[in-house]
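Student: Handing you this structure, nothing more for now.
The values are calculated or read from the model by the stated rules, or taken from the named source; none is laboratory data. As the structure is a computational prediction, the values presented were derived from the model and not from experiment. So basically every Cβ, Gly included, is an ideal-geometry build from the backbone, and we count neighbours across all protein chains shown.
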């Protein structure tokens, strides 16, 4: 029995269709011969399945691309969206049947190499900083997915998001956005949320 | 035979990751034993090959249910051929199994009548229910470890695995080249698995 262990990267590249036909066929044959490589790939697939479930159930807070959000919508997820320009504020909420809430933060991202995202309260709570977030400078948009559990547990609150450009040892504020959150139950009909 | 395969099917799907193939017989020996009417070997044979076929089915069919069907079809066909002595070279049983899986997958003309005839020969339910086919990881632990990742690694892993997105396509969305995506992806997986293992050992 062949006990050779393929590197994880190679197995994942096969799974994601990143290999040419010959290389993929070679790994495929090997996966039928080698129990340990097959088990290793199964584990990767299980992790992937779990990540998918976590995202769809709103348990993951992260930063994605706008194209990725369209993919989620095409899959039938109910997404509440807020679009903000630099300096803008928005009244926001989360409805019981929302799967995810997305914020599109427009910012001048050209020529920026590293962007950090800071979440802060206006009531003096300690800010949370996500360093080196992914962004596409050409689109000029950072697409933020907050964890739904946090949003659903939130009462009336005023939150701030800040995008920082980090260059060498210095940093500068690219843009700030204010979110005036209200629980869905507290909203009357006709409220613009 | 029926009882044995039913038990085997449950074992296969109840704990796919704990599967370890290192037993006394290699795959070829098992194939030879089945050809010699050793029904005990059939159980082990199914236990070994079901996860491999299922992985192949998931990759190409992108459906857990379709992959489960494929597992059943391929195993039944293989057992039928082995019993009949129709597998010419048991030393190449893995290749035979892959070839059978490929053939069955692309055979769009496969009729339900043919499938029913095979199932009549092996009237067992090899298809597990969906819940047992995909035993979840410890999701609370995974959630904790996921949130502990650097943002960029978390984003790349989530976007990669949501719909099995290759590095070049993901790179275009994030303004990164494919090589950079692979590096972040690899690092993220390492961090995630280390965290899961560390949490698991506590």
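Student: Kindly evaluate residue B:54 against the criterion of being at pLDDT 90 or above, surrounded by fewer than 17 Cβ atoms within 10 Å (Cβ to Cβ) and under 18 Å from residue A:33 (Cα atoms). Spell out the reasoning first.
Tutor: Values: at pLDDT 90 or above: yes; surrounded by fewer than 17 Cβ atoms within 10 Å (Cβ to Cβ): no; under 18 Å from residue A:33 (Cα atoms): yes.
In short, no.
Student: If you don't mind, another one. Residue check: is residue B:41 surrounded by 23 or more Cβ atoms within 10 Å (Cβ to Cβ), modelled with pLDDT of 90 or more and farther than 22 Å from residue A:27 by Cα? Spell out the reasoning first.
Tutor: On the way: surrounded by 23 or more Cβ atoms within 10 Å (Cβ to Cβ): no; modelled with pLDDT of 90 or more: yes; farther than 22 Å from residue A:27 by Cα: yes.
No: the conditions fail for residue B:41.
Student: Now for a different question. Test of understanding: among B:79, B:126, B:119, which residue is at pLDDT below 75, away from chain A (no Cβ under 14 Å) and buried (at least 19 other Cβ atoms within 10 Å of the Cβ)?
Tutor: Just a single option satisfies the conditions, and that option is B:126.
Student: Quick one: count up the residues across segment A:105-121 that are under 20 Å from residue A:158 (Cβ atoms) and without any contact (Cβ under 8 Å) to a residue 40 or more places away in the chain. Step through it out loud before you land on a result.
Tutor: Residues of segment A:105-121 that are under 20 Å from residue A:158 (Cβ atoms), as a first pass: A:105, A:117-121.
After this cut, where a residue has to be without any contact (Cβ under 8 Å) to a residue 40 or more places away in the chain as well, the list is A:121.
Counting residues in segment A:105-121 that are under 20 Å from residue A:158 (Cβ atoms) and without any contact (Cβ under 8 Å) to a residue 40 or more places away in the chain gives 1.
Student: Taking segment A:161-170 on its own, how many of its residues are at pLDDT below 95 and either at negative phi or in a strand (DSSP E or B) (or both)? First the steps, then the outcome.
Tutor: Let us first name the residues in segment A:161-170 that are at pLDDT below 95, namely A:167-170.
From what's left, either at negative phi or in a strand (DSSP E or B) (or both): A:167, A:169-170.
So the answer is 3.
Student: I've got another one for you. Which numbered condition trips up residue B:161, out of (1) farther than 22 Å from residue A:43 by Cβ; (2) at the interface with chain A (Cβ under 7 Å from one of its Cβ atoms); (3) modelled with pLDDT of 95 or more?
Tutor: Only one criterion in (1) farther than 22 Å from residue A:43 by Cβ; (2) at the interface with chain A (Cβ under 7 Å from one of its Cβ atoms); (3) modelled with pLDDT of 95 or more is unmet by residue B:161, namely (1).
Student: Regarding residue A:94, is this residue under 26 Å from residue A:71 (Cα atoms) and buried (at least 19 other Cβ atoms within 10 Å of the Cβ)?
Tutor: Values: under 26 Å from residue A:71 (Cα atoms): yes; buried (at least 19 other Cβ atoms within 10 Å of the Cβ): yes.
The answer is yes for residue A:94.
Student: Within the group A:54, A:81, which residue is more than 10 Å from every other protein chain (Cβ to nearest Cβ), under 20 Å from the mean Cα position of the chain (by Cα) and either at pLDDT 95 or above or not in a strand (DSSP E or B) (or both)? Walk me through how you get there before you give the answer.
Tutor: On the way: A:54 fails: more than 10 Å from every other protein chain (Cβ to nearest Cβ).
Being more than 10 Å from every other protein chain (Cβ to nearest Cβ), under 20 Å from the mean Cα position of the chain (by Cα) and either at pLDDT 95 or above or not in a strand (DSSP E or B) (or both) holds for just one of A:54, A:81, which is A:81.
Student: Next question, about the same structure. Which residues, taken from segment B:169-191, are more than 7 Å from chain A (Cβ to nearest Cβ), surrounded by fewer than 23 Cβ atoms within 10 Å (Cβ to Cβ), more than 15 Å from residue A:15 (Cβ to Cβ) and over 24 Å from the mean Cα position of the chain (by Cα)?
Tutor: B:171, B:172, B:176, B:177, B:178, B:179, B:180, B:183, B:187, B:191, listed by residue number.
Student: Further question on the same structure: Being outside any loop (DSSP other than H, G, I, E, B) and farther than 18 Å from residue B:148 by Cβ is the filter; apply it to segment A:127-151 and report the residue that is nearest to the other protein chains (Cβ to nearest Cβ). Spell out how you get there, then give the answer.
Tutor: Pass one, segment A:127-151, residues outside any loop (DSSP other than H, G, I, E, B): A:128-130, A:136, A:141-145, A:148-151.
Going one step further and asking which of them are farther than 18 Å from residue B:148 by Cβ, we end up with A:136, A:141-144, A:148, A:151.
Numbers: A:136: 4, A:141: 11, A:142: 11, A:143: 10, A:144: 10, A:148: 12, A:151: 15 Å.
Of everything passing the filter in segment A:127-151, A:136 is nearest to the other protein chains (Cβ to nearest Cβ).
Student: Of (1) in a helix (DSSP H, G or I); (2) modelled with pLDDT under 95; (3) touching a helix residue (DSSP H, G or I) at 6+ places or on another chain (Cβ under 7 Å); (4) at the interface with chain B (Cβ under 9 Å from one of its Cβ atoms), residue A:40 satisfies all except one. Which?
Tutor: (4)
Student: A further question follows. Name the single residue that is surrounded by the fewest Cβ atoms within 10 Å (Cβ to Cβ) among those in segment A:16-37 being assigned to a loop (DSSP other than H, G, I, E, B) and facing chain B (nearest Cβ under 7 Å).
Tutor: Looking at the filtered set, the residue picked out is A:17.
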